[in-house]
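The values are calculated or read from the model by the stated rules, or taken from the named source; none is laboratory data. Here the structure is a predicted model, which means the values were calculated and not measured. Cβ sites come from the backbone with ideal geometry, for glycine too, and all protein chains shown count toward neighbours.
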């Protein structure tokens with residue numbers, strides 16, 4: 001089977017909702033639409049694909065950077081042209097195939113973003129952690145590195161949810177902050193201006209290929225936090241830590257939050273965002289048995305047992321607009337270091 005066709009098929013499949021729901025952005029982006037669209041800014045990168053996933057080279061840095069201006073003037077989308085290169089053997093004559101990836105900027109959308117609605121966290125957890133090892137089992141217990149060996153250049157939440165998170169970050173992360181994005185990927189959902197106005201944006205995540213495609217990061221380290229929760233940064237390095245729709249995949253969340261507390265400066269905060277989508281084969285067992293509200297209470301419990309944080313705040317930041325009945329919900333749990 002043609003290797004590029006196989007990779008494209010995989011990338012399309014992982015964009016589906018859990019349990020085979022409809023494809024995200026299933027309408028094809030033709031070359032004509034891509035090149036003629038005035039609503040999109042674009043740049044190029046390269047993904048080289050050989051016979052095995054581990055032999056894929058990294059995404060190159062973007063060749064042409066967008067100079068973001070005021071949010072109202074930003075494009076709604078950034079379209080990446082990725083060139084998939086294969087057959088580059090000793091005989092030469094490599095073949096290439098282009099593919100397009102669309103990134104949401106969170107600006108100039110038809111959605112509205114109400115003020116965050118507070119959610120009371122009311123569940124009283126016992127003094128000692130009640131969790132058992134089986135609570136963190138997953139249907140797919142195989143090595144996560146295998147699962148993420150092919151870069152997933154897709155969104156795991158819809159555009160309204162991603163845009164709501166971007167707007168929340170803009171209002172709640174101060175300019176000049178040092179930020180760490182854990183469980184990061186090819187997008188961090190930050191506003192376009194963040195690389196220019198923040199002191200530092202670091203990232204750590206499973207896929208080095210996705211991290212290298214993330215043009216908002218100033219530095220990154222690929223790391224499987226399910227194998228080793230130690231964050232590769234000195235104490236008190238960051239003002240803000242973010243984690244986007246990923247805490248449901250962590251099998252040692254309490255230990256990881258202790259590490260987050262260590263790398264945060266006094267008064268720093270972590271912003272955990274969560275929706276209702278997941279890869280069910282990789283989400284922990286107890287997460288799959290809970291509803292949205294229970295997920296927030298569970299995250300609050302993680303903070304309680306990690307220690308070192310002030311009382312947590314939870315918010316519903318779900319976007320509004322036409323068709324909002326079908327929008328993905330978006331929730332925030334925010335905790336400040338003591």
Mind listing whichever residues of the stretch 289-338 are more than 23 Å from residue 179 (Cα to Cα), part of a helix (DSSP H, G or I) and touching a helix residue (DSSP H, G or I) at 6+ places or on another chain (Cβ under 6 Å)?
305
Restricting to the stretch 196-217, and then to whatever is in contact with a helix residue (DSSP H, G or I) (Cβ under 7 Å, 6 or more places away or on another chain) and not in a strand (DSSP E or B), can you tell me which residue is farthest from residue 164 (Cα to Cα)?
206
Quick check on residue 164: is it within 16 Å of residue 319 (Cα to Cα) and assigned by TED's automatic domain parsing to the domain that holds residue 321?
yes
Going by the conditions given, is residue 279 in the same structural domain as residue 164 (by TED's automatic domain parsing), touching a helix residue (DSSP H, G or I) at 6+ places or on another chain (Cβ under 9 Å), under 23 Å from residue 206 (Cα atoms) and not in a helix (DSSP H, G or I)?
yes
Of the residues 193, 127, 134, which single one is surrounded by fewer than 23 Cβ atoms within 10 Å (Cβ to Cβ), at pLDDT 95 or above and out of contact with any helix residue (DSSP H, G or I) (no Cβ under 8 Å at 6 or more places or on another chain)?
127
Test of understanding: among 60, 54, which residue is part of a helix (DSSP H, G or I), outside the structural domain of residue 301 (by TED's automatic domain parsing) and at pLDDT below 95?
54
Could you tell me which numbered condition residue 286 fails, if it satisfies all but one of (1) in a helix (DSSP H, G or I); (2) crowded, with 21+ Cβ neighbours inside 10 Å?
(2)
Taking the conditions exactly as written (assigned to a loop (DSSP other than H, G, I, E, B), at pLDDT 95 or above and closer than 24 Å to residue 164 by Cβ), does residue 233 satisfy them or not?
no
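Residue-by-condition table, conditions (1) at pLDDT 95 or above; (2) within 26 Å of residue 216 (Cβ to Cβ); (3) surrounded by 15 or more Cβ atoms within 10 Å (Cβ to Cβ); (4) out of contact with any helix residue (DSSP H, G or I) (no Cβ under 9 Å at 6 or more places or on another chain):
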{"position": "82", "(1), (2), (3), (4)": "no, yes, yes, yes"}
{"position": "90", "(1), (2), (3), (4)": "no, no, no, yes"}
{"position": "93", "(1), (2), (3), (4)": "no, no, no, yes"}
{"position": "98", "(1), (2), (3), (4)": "no, yes, no, no"}
{"position": "105", "(1), (2), (3), (4)": "yes, yes, yes, no"}
{"position": "119", "(1), (2), (3), (4)": "yes, no, yes, no"}
Looking at this structure, is residue 171 surrounded by fewer than 17 Cβ atoms within 10 Å (Cβ to Cβ) and under 16 Å from residue 271 (Cβ atoms)?
yes
Out of all the residues in the stretch 141-151, which are out of contact with any helix residue (DSSP H, G or I) (no Cβ under 7 Å at 6 or more places or on another chain) and either surrounded by 12 or more Cβ atoms within 10 Å (Cβ to Cβ) or outside any loop (DSSP other than H, G, I, E, B) (or both)?
143, 144, 145, 146, 147, 148
Of everything in the stretch 236-245, what is surrounded by 20 or more Cβ atoms within 10 Å (Cβ to Cβ) and part of a loop (DSSP other than H, G, I, E, B)? Give them in sequence order.
245
Selected residue (criterion: surrounded by the most Cβ atoms within 10 Å (Cβ to Cβ)) from residues of the stretch 208-232 that are in contact (Cβ under 8 Å) with a residue 40 or more places away in the chain and over 20 Å from residue 284 (Cα atoms):
213
